[in-house]
Amino acid sequence: MSKTNRGKALWKMPSHGRGTCPVCKTIRIKLLYTRNKSDGKQLKVCKRCINASQARVDDAQKVV
Ligand SMILES: [Zn+2]
């Protein structure tokens, strides 16, 4: 697997891999990591939230 979180690969993603992190609400941050919620849904989070507690991930709302 190539480095999907770096370089040109990002530019193929919607909004270039950036968005609002649903956990910490930081806008226009790169959402590069996937966390699973307790209900099985996947959530894209920023690098600061990779290690966020499961409770915070479960609490997060999908931000459009
Ligand atoms: Zn975050």
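The values are calculated or read from the model by the stated rules, or taken from the named source; none is laboratory data. These numbers were taken from a predicted model, which means no experiment stands behind them. For neighbour counting, all protein chains shown are included, and Cβ atoms are generated from backbone atoms with ideal geometry for every residue, glycine included. Each accessible area value is taken on the protein alone, full model and side chains, heavy atoms only, with ligands, DNA and RNA left out. Shrake-Rupley method; radii C 1.70, N 1.55, O 1.52, S 1.80 Å.
Can you spot a residue in the stretch 7-14 that is within 13 Å of the chain's Cα centre (by Cα) and open to solvent by 70 Å² or more (accessible area, probe 1.4 Å)?
Yes, the stretch 7-14 contains at least one residue that is within 13 Å of the chain's Cα centre (by Cα) and open to solvent by 70 Å² or more (accessible area, probe 1.4 Å).
For residues that are without any contact (Cβ under 8 Å) to a residue 24 or more places away in the chain and among the charged types (D, E, K, R), scanning just the stretch 26-58, find the one that is farthest from the ligand (Cβ to nearest atom).
Per the criteria, the residue is 39.
If you go through the stretch 6-53, how many residues are among the hydrophobic types (A, V, I, L, M, F, W, C) and assigned to a strand (DSSP E or B)?
Result for the stretch 6-53: 6.
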